[in-house]
Amino acid sequence: AERTIGHVVSALRGFFRSITLGAHLEQSLQDLLRLLTLWFRYGGDARVDAALSDGFALVHVDTWLLVIPQIIARINAPQPRVRKAVQNLLLTVGRLHPQALIYPLAVASHESRPRREAERSTAASPRPDGRQAAAATSLPLFSMGRISHAEATLTMMRAHCDTLVEQALLVSNELIRVAILWPEQWHESLEQAYRRYFEQPHAGEPRGIESTLAVLAPLYARLEAGASTAHEADFVAAYAADLRSALAHCHEFRLSGDEAQLQAAWTRFYEVLRQLGRQLQQARTLQLRDVSPRLLKATNLEIAVPGTYRANAPVVAIRSFAPAIRVMSSKQRPRK
C-alpha cells in the first residue's frame, strides 16, 4: 500500500504539471479524467490529499469547467477527505463561474430528496408489532433529515450569488415538476408496486407488503404535504380518497394479517392505476398556468438558459417560458 500511494502521488504531480502546461483546455481533458480517477480512488489518503491540494493551486480555475459533471457526481463521496476537497473545488469554481455550477448543483440537491423522503416515510410507518403507531389514513410528519452536500454547497454560494441560487432552484425544481407530473409518478410507482406484489418472491415479508409501501412512501408523503398547483389539486380531488383508503387497508393487513384487507387495498390501487392509464393516454398539451404557475410568472431572469453557459462569453439569460407545453406521444412522454 505504501508503494502504491507513492506512485499515485507521483502520477498526480505529473498530471497536474501536464495540465498546467497544456496550450488548450480541450487537450487537457484526458489528463483531467485520469487525475479524477486517481483522486476519487485514493483521495482518502492524507498524502494524496496533500498532493491534490498543492496541484489545485497550480491549475487555472477555468480548466475544471470541462469536468464539472464528474466532480459533482462525487459530491457525496464516502471518504471525508474526498468529499471536502470536492466541495472546496466547487466553491472555488463557483466564485468565478456560478452559472456553470448552479444547475447541476440544483438538480443534485433535488435528487437527494426522494431518498430522504422514502427513508423518513418507511421509518415512520407503523410496524406489525405496533411499536410505531400512526394514523392509518395518512402519513405522519417527519423531522428534517440530513442536508445533502449539494444543498450545503448551494447555501455557501448564496454569499456571492444569492439571486442566481434562488432562480436556479426555482427553474430546476419547476422543470422537474413539469417533466413528470403526479399522475405519471403514481402510475409508474403503482406499476412497480404491482410487479413487486404479484411477480417477485417475498422472502421474509408477508405478501410483499413492505416492498409495496417502500415504493409508494415518497408519493404518499407528497400527497399529505398538499397540492402546489391546480393540476396537483385536480389529482387530489380525483384520487386522494382511494389512495388513502388503500393505505389504510395496507396498514390493517400489516397489523392483522387479514388477506381481505390486502385484497381491498389492491382493488383500490388497481382502479387508480387503470384510471391514470386512460388519463395519460389522452393528455397531449399542458398549460403552464396549471402545472407550474411559478414558471409562467418567471420573466427576465439573470440565470442562463440551461446548457448555454460558456466561460468568457455573454450570458444567454432566460426571458420567459412558453405558456403551453406539448407532450410527445412516446413511452417516456417527453415535453416540448
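Details
- Qualifying position, being without any contact (Cβ under 8 Å) to a residue 40 or more places away in the chain, surrounded by fewer than 18 Cβ atoms within 10 Å (Cβ to Cβ) and under 22 Å from Arg310 (Cα atoms), among Val93, Val67: Val67
- Candidate set from segment 281-305 (those that are assigned to a loop (DSSP other than H, G, I, E, B) and surrounded by fewer than 17 Cβ atoms within 10 Å (Cβ to Cβ)); member that is nearest to the chain's Cα centre (by Cα): Val305
- So Asp54, is it out of contact with any helix residue (DSSP H, G or I) (no Cβ under 6 Å at 6 or more places or on another chain) and either part of a helix (DSSP H, G or I) or not aromatic (Phe, Trp, Tyr) (or both): yes
- Which listed residue, of Arg74, Arg83, Arg13, is surrounded by fewer than 17 Cβ atoms within 10 Å (Cβ to Cβ) and either touching a strand residue (DSSP E or B) at 6+ places or on another chain (Cβ under 9 Å) or among the basic types (Lys, Arg) (or both): Arg13
- Within the span defined as segment 116-127, every residue fails to be in a helix (DSSP H, G or I), hydrophobic (A, V, I, L, M, F, W, C) and at pLDDT 90 or above.
- Selection status of His231, assigned to a helix (DSSP H, G or I) and free of Cβ contacts under 8 Å to residues at least 24 places away in the same chain: no
- Ala240 vs. criteria within 28 Å of Arg74 (Cβ to Cβ), open to solvent by less than 40 Å² (accessible area, probe 1.4 Å), touching a Leu at 6+ places or on another chain (Cβ under 9 Å) and part of a helix (DSSP H, G or I): no
- Yes/no for Ala179 being touching a strand residue (DSSP E or B) at 6+ places or on another chain (Cβ under 7 Å), open to solvent by 50 Å² or more (accessible area, probe 1.4 Å) and modelled with pLDDT under 95: yes
Okay, residues lined up against (1) without any contact (Cβ under 8 Å) to a residue 40 or more places away in the chain; (2) under 26 Å from Tyr194 (Cβ atoms); (3) of a type in the set (S, T, N, Q):
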site	(1), (2), (3)
Leu219	yes, yes, no
Arg254	no, yes, no
Leu262	no, yes, no
Glu271	yes, yes, no
Gln275	yes, yes, yes
Ala283	no, yes, no
Leu295	no, no, no
Phe321	yes, no, no
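- Taking residues in segment 298-318 that are free of Cβ contacts under 8 Å to residues at least 40 places away in the same chain and over 12 Å from Leu164 (Cα atoms), and partners anywhere that are outside any loop (DSSP other than H, G, I, E, B) and hydrophobic (A, V, I, L, M, F, W, C), the pairs with Cβ atoms closer than 6 Å and at least 6 places apart or on different chains are Val316/Ala304.
A quick yes/no check of all residues on (1) among the small types (Gly, Ala, Ser); (2) within 30 Å of Gly94 (Cα to Cα):
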| residue | (1), (2) |
| --- | --- |
| Glu271 | no, no |
| Ala283 | yes, no |
| Arg294 | no, yes |
| Val305 | no, yes |
| Thr308 | no, yes |
| Val315 | no, yes |
| Val327 | no, no |
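The values are calculated or read from the model by the stated rules, or taken from the named source; none is laboratory data. Computed from a predicted structure; not experimentally measured. With ideal geometry, Cβ positions are generated from the backbone for all residues, glycine too; neighbour counts draw on all protein chains shown. For accessibility, only protein heavy atoms count, side chains too; no ligands or nucleic acids. Shrake-Rupley method; radii C 1.70, N 1.55, O 1.52, S 1.80 Å.
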